[in-house]
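Structure first, then comments.
The values are calculated or read from the model by the stated rules, or taken from the named source; none is laboratory data. The shown structure was predicted, so the numbers you read here are calculated from the model rather than taken from an experiment. FYI the Cβ positions are ideal-geometry reconstructions off the backbone, even for glycines, and counts take in every protein chain you see.
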């Protein structure tokens, strides 16, 4: 049996969790949460995923380049 997932509600839940994570990090005053270094393969996969997400945001117009090293989030 396959489980069906509503993509929109899944993303909404992830955004909420992400916001909580950022707030927790801010409350720590910038100290690192992770003390163990990442596996090099894991770090590379995360870098590639982040780059893909950045390119998708630029292509969709959610992120707009307004100058060298300057961007605007159009949410």
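What the table below lists for this structure:
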| item | result |
| --- | --- |
| Hey, residue 57 surrounded by 10 or more Cβ atoms within 10 Å (Cβ to Cβ), part of a helix (DSSP H, G or I) and in contact with a strand residue (DSSP E or B) (Cβ under 6 Å, 6 or more places away or on another chain) or not | yes |
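Residues checked against (1) touching a helix residue (DSSP H, G or I) at 6+ places or on another chain (Cβ under 6 Å); (2) modelled with pLDDT under 85; (3) closer than 17 Å to residue 75 by Cα:
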| residue | (1), (2), (3) |
| --- | --- |
| 2 | no, yes, no |
| 7 | no, yes, no |
| 22 | no, yes, no |
| 27 | no, yes, no |
| 30 | no, yes, no |
| 43 | no, no, no |
| 47 | no, no, no |
| 57 | no, no, yes |
